[in-house]
Amino acid sequence: MIFILIATAELLVDRGAYGNELVDKFSSPIAVGDFEAGFSTNMWILDSRIYSLFASRGRFVGYVSYYDLGTFTYRNEYPDDSAWVEFSPYSIYAALAYRFYPERNMYMSIRAGYYENRVMEEIVSSLVLDVDARVDIRHGHLIAYFHNFNPLTFFKGGLLKLPYSMGAGVSTWWKRLSIIAGVKKIKDRNLEKFLSLSYAINSIFYAGVSFTPDLEYSRFSFTMGFRKGRLGLIYRGFFPATNLDFASVITLEYNYASSGF
């Protein structure tokens, strides 16, 4: 069951590391009276799902993500058709972020989060602290982040220390083309590079590609997206770097914004 713990921790470690997600988290201007909320669901590999909900009011943003990893069959070391049980592992991530401007052209976010993973009767959990920063430059942004700092690690039947993740990148645009490039480092791993290109076909449709030459499971992926009003539909395909199968991720998003809520 350890491989499931590793897989779910990997989801949390890699969140928001590549592509436009690195910029999107800073794209909303801060307004004390504004309220914004959104929901997304991802159809991941096999029957796994990721559900995410966020709500923001002024400088504060709350997040909740639920990772449903589908159904597995547990068997003894020696196969026995009469001795098997089905189980559904899951992970939960909840966080509260505070965002602010230390300087006119600099934007920061500090996020305290709680992560829990359950596989059958094994439960592990951890507190994590994330820091994200963006500096606005001419025709672009400089971005840096440090995730999964553990100010306090505790356990319920197990102990989980998530590996820290840090990265830096630069984003720019030219007409309808957006470009993001940078590097990422996860504890006990080599430095990973990434490059993401996104093109706005019109006001509704966009497409993009991402190159991750140092990533083990996929070095190339592509994205096609549709956004109309509050609704968004995104497809992302990952070409495998090893003998894994081609992976698809379909995301459905709904966002609501209100001024003076």
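The values are calculated or read from the model by the stated rules, or taken from the named source; none is laboratory data. Just so it is clear, the model here is predicted, and its values are computed rather than measured. Every residue, glycine as well, gets a Cβ built from its backbone with ideal geometry; the counts of neighbours run over all protein chains shown.
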Looking at the structure I just gave you, is ASN76 within 27 Å of PHE238 (Cβ to Cβ) and either modelled with pLDDT under 85 or surrounded by fewer than 16 Cβ atoms within 10 Å (Cβ to Cβ) (or both)? no
Selected residue (criterion: farthest from the chain's Cα centre (by Cα)) from residues of segment 105-127 that are more than 24 Å from PHE54 (Cβ to Cβ) and in a strand (DSSP E or B): GLU122
Any residue that is farther than 15 Å from LEU162 by Cα and buried (at least 16 other Cβ atoms within 10 Å of the Cβ) - is there at least one of those in segment 119-127? yes
Being at pLDDT below 85 and surrounded by 13 or more Cβ atoms within 10 Å (Cβ to Cβ) is true for just one of LYS161, LYS185, LYS193. Which residue is that? LYS161
Give me the residue from segment 46-73 that is aliphatic (A, V, I, L, M) and closer than 20 Å to MET120 by Cα and, out of that set, modelled with the highest pLDDT. ILE50
Considering each of ASP188, ASP214 in turn, give the residue that is within 29 Å of VAL131 (Cβ to Cβ), charged (D, E, K, R) and out of contact with any Leu (no Cβ under 9 Å at 6 or more places or on another chain). ASP188
Suppose we keep only residues that are closer than 18 Å to TYR66 by Cα and in contact (Cβ under 8 Å) with a residue 24 or more places away in the chain within segment 109-118. Which one would you say is surrounded by the most Cβ atoms within 10 Å (Cβ to Cβ)? ASN117
So in segment 128-156, with the set limited to residues that are assigned to a strand (DSSP E or B) and β-branched (Val, Ile, Thr), which one is farthest from TYR74 (Cα to Cα)? ILE137
Of (1) surrounded by 15 or more Cβ atoms within 10 Å (Cβ to Cβ); (2) over 29 Å from PHE246 (Cα atoms); (3) in contact with a His (Cβ under 8 Å, 6 or more places away or on another chain), THR172 satisfies every one except (1)
Residue count, segment 229-254 (criterion: farther than 21 Å from TYR51 by Cβ and of a type in the set (Phe, Trp, Tyr)): 2
Please identify the pairs in which a residue from segment 47-65 that is more than 14 Å from ALA95 (Cα to Cα) and buried (at least 18 other Cβ atoms within 10 Å of the Cβ) has its Cβ atom under 9 Å from the Cβ atom of a residue that is among the charged types (D, E, K, R) and at pLDDT 80 or above, counting only partners at least 6 apart or on another chain. SER48/ASP68; ILE50/ASP68
